[in-house]
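The values are calculated or read from the model by the stated rules, or taken from the named source; none is laboratory data. On a predicted model such as this, the values are computed, not experimentally measured, just so you know. Note that each Cβ is placed from the backbone with ideal geometry, even for glycine, and that neighbours are counted across all protein chains shown.
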Amino acid sequence: MSETSIRQEIYDIVSAVSDVGRVYDYERLANDLSTFIDCFKAPSGDIRGWTITCAGWTQEYNRRVYVYKIRGYFGLYDSAASEKTALAIVDSVARALNASDVFDDNEVAQLDVFEPRMFGGTLCHYAELTFRVKESEVF
C-alpha cells in the first residue's frame, strides 16, 4: 500500500467518525487568518476539524513504517464543558483507527497532546494523535 493509499484510508476512517467536523488529508495553511479558520468551521459555526500529515518514516528491512500526525481542533466553551466532548471525539477517532482491519501489524494510535491552544486567534482544544502504519507490500 503506497503512502497515498494509506493517507486516503486514514482520511476515510477519520471522516466516518460521528460529529468529527471537517477532515483534510493534508496540513491546511493560509496567509489570511480568516481563510484559515474558515477551513475548520463546522456547519454549526463551531471550530471542529482534523488534518492528516505524514511526519516521516523509518525503514524496517524491506518496507517502510510511516508516522502520521492526526491533529484535531475544537472550539473551547467552558460553560458547555467542551473538553469532555472534544476528548470523547478524539477517543472515537483513535478507536476507529485501532479497530480498522485495513492496516496489518500496526501500532495503536497514541494521543500525544491534548491541551488548550490558540488557534486562529481563538482558544481551542487541540489534540494530536500519532499513528504508525507499516506498508503491507515489501520492496
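Could you count how many residues in segment 113-126 are more than 13 Å from Phe40 (Cβ to Cβ) and either touching a residue at least 40 places away in the same chain (Cβ under 8 Å) or among the hydroxyl-bearing types (Ser, Thr, Tyr) (or both)? Reasoning before the result, please.
Taking segment 113-126 first, the residues more than 13 Å from Phe40 (Cβ to Cβ) are 113-116, 118, 123.
From what's left, either touching a residue at least 40 places away in the same chain (Cβ under 8 Å) or among the hydroxyl-bearing types (Ser, Thr, Tyr) (or both): 116, 123.
The total comes to 2.
Among the candidates Tyr66, Tyr77, which residue alone is surrounded by 13 or more Cβ atoms within 10 Å (Cβ to Cβ) and either touching a Cys at 6+ places or on another chain (Cβ under 9 Å) or among the aliphatic types (A, V, I, L, M) (or both)?
Values: Tyr77 fails: either touching a Cys at 6+ places or on another chain (Cβ under 9 Å) or among the aliphatic types (A, V, I, L, M) (or both).
Within the list Tyr66, Tyr77, the selection yields Tyr66.
Among what's in segment 92-133 and is within 16 Å of Ile13 (Cβ to Cβ), surrounded by 13 or more Cβ atoms within 10 Å (Cβ to Cβ) and among the charged types (D, E, K, R), pick the residue that is modelled with the lowest pLDDT.
Here the answer is Glu107.
Going through Gly56, Gly45 one at a time, which residue ends up being at pLDDT below 90 and not polar (S, T, N, Q)?
Exactly one residue qualifies, and that residue is Gly45.
Can you go through Thr53, Thr85, Thr58 and tell me which one is within 22 Å of Asp38 (Cα to Cα), part of a strand (DSSP E or B) and of a type outside the set (Lys, Arg)? Lay out the reasoning, then the answer.
Details: Thr85 fails: part of a strand (DSSP E or B); Thr58 fails: within 22 Å of Asp38 (Cα to Cα).
Unique residue meeting the criteria: Thr53.
Take the residues in segment 21-53 that are touching a residue at least 12 places away in the same chain (Cβ under 8 Å) and in contact with a helix residue (DSSP H, G or I) (Cβ under 6 Å, 6 or more places away or on another chain); name whichever of them is surrounded by the most Cβ atoms within 10 Å (Cβ to Cβ).
Trp50
List the number of the failed condition for Tyr68; all other conditions in (1) modelled with pLDDT under 95; (2) of a type in the set (Ser, Thr, Tyr); (3) closer than 17 Å to Phe131 by Cβ hold.
Failed condition: (1).
Check Ser100, Ser92, Ser82, Ser136 and return the single one that is without any contact (Cβ under 8 Å) to a residue 60 or more places away in the chain and among the polar types (S, T, N, Q). So that I can check it myself, show each step before the final result.
Values: Ser100 fails: without any contact (Cβ under 8 Å) to a residue 60 or more places away in the chain; Ser92 fails: without any contact (Cβ under 8 Å) to a residue 60 or more places away in the chain; Ser136 fails: without any contact (Cβ under 8 Å) to a residue 60 or more places away in the chain.
Answer to the selection: Ser82.
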